[in-house]
Structure formats: C-alpha cells, structure tokens
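The values are calculated or read from the model by the stated rules, or taken from the named source; none is laboratory data. Predicted model only: the values in this text are computed from it and were never measured. All Cβ positions, even for glycine, are placed from backbone atoms using ideal geometry, and neighbour counts span all protein chains on display.
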Amino acid sequence: MIFRLFSLWLLVTFSGPAMADPSPMENHPILDLSSEWVGYLCLVIFIGTLLVVVVEEFTLLRKSKPMLLAAGLMWGLIAWAYSQRGIEHIVEAAFRENFLVYIEILLFMLVVITYVNALRQRGLFQWMACGLGERGYSYRRIYWSIGLLCFSVSPWVDNLATAIFFAALLLTIARESPRVVTLGCVHIVVAANAGGVFSGFGDVATLLVWRANLTTHQGALDLLALSRLFLPALVSYLLSAWLIGRALPDGHLRTRPKRASCKQGTGFILLLFLITLLMAVAARKFLHLPAVLGMMSGLSLLMFYGYTLRMRETHLPDVNQPFDIVKSIAGAEWNSLLFLYGVIACSGALAFIGYLPRFGAQLYQSPGGATLANIGVAGLSAILDNIPVQNVLLTMHPHMSLGQWLLAIFSAGTGGSLLSIGSTAGVGLMGLVGNRYTFFGHLRWLPAILTGYFAGVLTHFLVNGRFF
C-alpha cells in the first residue's frame, strides 16, 4: 500500500506541470507537414497499417498490433520534426487532446462490456438458449428471433458486445447446423450494426459523434437527431435479413440445450444497467459533463452490488463460482479497445500534419457534392472499419446540413456490414465462430446487404428530407 501511494505521488508530481501548461498551441503556429518527408512517411505508415489490418483473417495477426505501432511511429516522427524547430510542446498538447478522447470512449465502452459480462456470469445466455431450445423452434424462427433481439438490444449495449452475445447464443442453439450458424452470423452483424446507427450507445462510431457535440444550422447532432435514423436503419436491416434468410434450410432443432436458469441478481443487474445509461444521458444533457461520468458512476453501483453478491455467495455451499466483478472487467474485448486507441491516435496525427483538412475540402467540394461523398463513406467503412472512417470524418469536420451528417453516420454504420472486416462486430464474430463465419462466407451476401443499404438511404431521403 505504501508503495502504491508513493507511485501515485510520483505520477501526480511529475505529470502536474506538463498538464498545467497553459495552451501551448496558442503560442506557436501549427506547422503544415503535409508536403514534407515526415508527412509523406506518416501517410505511408498509415496506409500500410490499414492494409495489414484488412488481411487480418489471412495473417491471423490481431489488428491492434500494427495500429498501436503505427500510432507510436507517426506521433514520434511529428514530435521529432517539431523538436528540430524548438516547439515540441505543441505536439504534446495535441497528443494529450487525442488521448483524452480515447480515454473517455475506453471507459464508456468498458462499463458497457462489464455489464454484459456480468449478465453472462449470471447465466443469462444459457437461460435464453434453453428457452428457445425447449420450444423446438424451426431454424427460420430462431434466425428471426435472434436477429430482431439483436437489432433491439444493440442501440443500448454496443454492437460488438451485442453481436458476441447473440452469436454465442446461436452457437449454443444451432451448433449442429453449420449453414444456420453461417447465415445467422451474417444476420447478426447486419442487425447489430443497423441497430447501433440510431443511438449514441450503439456503436463506437456513433459514440464518437455524440461525444463531439456537433451543431448544425438545423440543430445539434444529439441523441434526438440520431434517433431520426431509426426508420432507415430498420428498413435496411429487414430487407437485408429477408434476402439472406431465403437461403435458410428447412427443419427444426434436433438437439436441445441443457436446462438452465438465471442466477440470483440478474434482474437487478439489468435494472442497474438501465440506471447507468440514464445517468450517462443526464450527465451530458443536464450537467453538461462528459457522459462517461455517468457511466463510471453506474459502474460503482454494479461494484457495490457485486460485493454484496460475492459476500452472500461465498458462504453458500452449493455455489462453486461466486460473482466476481474483476472477471467481468477483464473479459473485455481488448483487441478492439486497443485498436480503437491506434485509430484515434493515427487519425489525430494525420489531422495534425494537415492531410485530413485538405482531403475533406477536396472531397466535399467536389462536383458530386456532399451526398455522393457521404454515400461513398459506406465503401470506405466496409474496407477500413467504420470506426476510423467516422473518426476521420469528424476530424475533417466538413460544413454540412443535419441531413448530410445523418447520411454520413448511417453510411459509416451500415456500410460496415458490407464486409466482415468493416466493423468490430464482424471481426469479433470471425474470432468467436471460426471457420463457420469467414470473410468469403460473408462476402457472398454483399449484394443482399448492399440492396438493404440503398433502401435505407432512400428511406432517409424520404423521411428526413427536410433536414437537407
């Protein structure tokens, strides 16, 4: 304990002056490195890293590794270039600003994932699987039941956690039918990404938008504005799911999961999760503080309740594994969370160099205009992952109407479903399901998903046309 306190004193003592430095960016101009060799080298590093990330399925190299290295190299090169001119403190301030963005999102996502893992510990997965299995549902009914639940839960729980949750449920129920598992996983990715589009909690990409507190001449891009994407997302999801579901085999479950029941406290944890989300909204809406404050306060409620559960279950002879909040936190999908750090750091480096503002000006002032540019975001999202695409778009900050911003958000979110590598949900399922859900297995359904995407875009123009 003494060593920990001494370490904390050292951290506060030696980090304090640097953090208290009054806005060094105001005292020195930001250099344009986009036409210097440092800028060119950083751009090559970034593009090369994205190529490595894209082929993750074939190399089996987790995408966080190259992205973390690229972030360090890019910011190191920038810092060296500025140090040659004697203005290194401006780079430190810029990096701290990017790092703060990551920390807020990391803690936000960590709370969500902790609640999901806590519910898994309480046996919610097994109970749901048992309920579906005992009814002897057909494959088609299971397909639609899981997909609709996934679309409904994703706006509140995050698309990655939701996709993993329901993919594990699908594997438990239909393990004996590889085709049902494959089609079901494609369906889950489409449902999770579409459900995450119209909520600030549903995807890291929309969380980035909500956190940015963007304002247009038609109003703020807040939770109410994001909710206007519900109908386009629903149309996109249902059409894609229907086209994919036509290939389902006939038949019913031949095996049934073992009988299971939820452990004590499951319902109360669900209630605490709802309270936590409300606290996050209240912190942002009424206190004008980051939403992560409400999320971390909600985590404390779960930790207190987890303490009482553990104390109670430790003394029960029939309980083999008492509730453990530490296991729920440690069970986070750290590959995606670390990848997110690399994405935010690399995007911030490209913006600081000067590339993103220039690229944004050229893209959104082209003859095609903002509409074609925002529709094209879907293709970029499918190849590069929707998180970096959304972060790059926010960093460029083009001047657009509320309708165009919503179109860009919709394209980034649902466009990530076009390929299995286009979203954390798809990448997470490839790691979980293995050879039953692959890049090429998902690619086969690209026309169906693309049809649903364009139907959603058309719906957005019809229902939200007044915001363009």
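When only residues in region 370-416 that are more than 23 Å from F230 (Cβ to Cβ) and among the β-branched types (V, I, T) count, which is surrounded by the fewest Cβ atoms within 10 Å (Cβ to Cβ)? Only one residue fits best here, namely I383. Might you let me know whether region 140-153 holds any residue that is part of a helix (DSSP H, G or I), in contact (Cβ under 8 Å) with a residue 24 or more places away in the chain, of a type in the set (A, V, I, L, M, F, W, C) and under 15 Å from S417 (Cβ atoms)? There is at least one residue in region 140-153 that is part of a helix (DSSP H, G or I), in contact (Cβ under 8 Å) with a residue 24 or more places away in the chain, of a type in the set (A, V, I, L, M, F, W, C) and under 15 Å from S417 (Cβ atoms). Against the test of being over 15 Å from the mean Cα position of the chain (by Cα) and farther than 25 Å from R228 by Cα, the options G452, G441 yield a single qualifying residue, G441.
Restricting attention to region 369-389 and to residues that are touching a Ser or Thr at 6+ places or on another chain (Cβ under 8 Å), under 22 Å from D158 (Cβ atoms) and not small (G, A, S), the residue that is modelled with the highest pLDDT turns out to be V377.
Restricting region 346-355 to residues that are in contact with a Gly (Cβ under 8 Å, 6 or more places away or on another chain) and assigned to a helix (DSSP H, G or I) leaves a set whose member that is surrounded by the fewest Cβ atoms within 10 Å (Cβ to Cβ) is Y355.
Taking the listed residues L73, L107, L69, the one that is farther than 27 Å from V52 by Cβ, out of contact with any Leu (no Cβ under 7 Å at 6 or more places or on another chain) and either buried (at least 17 other Cβ atoms within 10 Å of the Cβ) or of a type outside the set (F, W, Y) (or both) is L107, with no other qualifying.
Across region 51-64, the qualifying residues are those that are in a helix (DSSP H, G or I) and crowded, with 19+ Cβ neighbours inside 10 Å, and the one among them that is modelled with the lowest pLDDT is E56. Of the residues making up region 283-300, those that are assigned to a helix (DSSP H, G or I) and either surrounded by 15 or more Cβ atoms within 10 Å (Cβ to Cβ) or within 19 Å of the chain's Cα centre (by Cα) (or both) are A283, R284, A291, V292, L293, G294, M295, M296, S297, G298, L299.
Filtering region 384-422 to residues that are under 20 Å from G195 (Cα atoms) and among the small types (G, A, S) leaves G403, A408, S411, A412, G413, G415, G416, S417, S420, G422.
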